[in-house]
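Engineer: This is the structure I have questions about; it appears just below.
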Amino acid sequence: MKRIVLFIAAQMALVGASAQEYEYLPLVREGAKWVYCLQDSDAYNTGPQYLGKFLTQEIKGDTLLAGITFKKV
């Protein structure tokens with residue numbers, strides 16, 4: 001039982017030490033891009049059909065509305 005408690009305490013110490021090195025990177029940042037692949041699903045078919053169409057969204061610039069800054073997508 002003492003070994004289990006010691007093991008858990010050691011693991012918690014290691015997790016706490018590595019958490020200090022974490023650097024926050026925001027998801028919504030200038031120049032971030034998302035690319036979506038469009039697929040069509042048919043109830044009579046065995047699976048989704050690939051349409052070969054892509055939708056790309058990119059964050060460029062910002063705008064100010066009612067004192068709040070919003071990013072443009």
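Engineer: Limited to region 29-52, what total is found for residues that are loosely packed, with under 10 Cβ neighbours inside 10 Å and either among the polar types (S, T, N, Q) or modelled with pLDDT of 65 or more (or both)?
Structural biologist: 8
Engineer: Based on this model, can you work out whether LEU25 counts as modelled with pLDDT under 75 and surrounded by fewer than 10 Cβ atoms within 10 Å (Cβ to Cβ)?
Structural biologist: yes
Engineer: Look at region 56-73 and say how many of its residues are modelled with pLDDT of 85 or more, among the aliphatic types (A, V, I, L, M) and within 28 Å of LEU38 (Cα to Cα).
Structural biologist: Qualifying residue count, region 56-73: 1.
The values are calculated or read from the model by the stated rules, or taken from the named source; none is laboratory data. Model, not experiment: these values are computed from the prediction. Quick reminder, even Gly has a Cβ in these numbers, built from the backbone with ideal geometry, and neighbours come from all protein chains shown.
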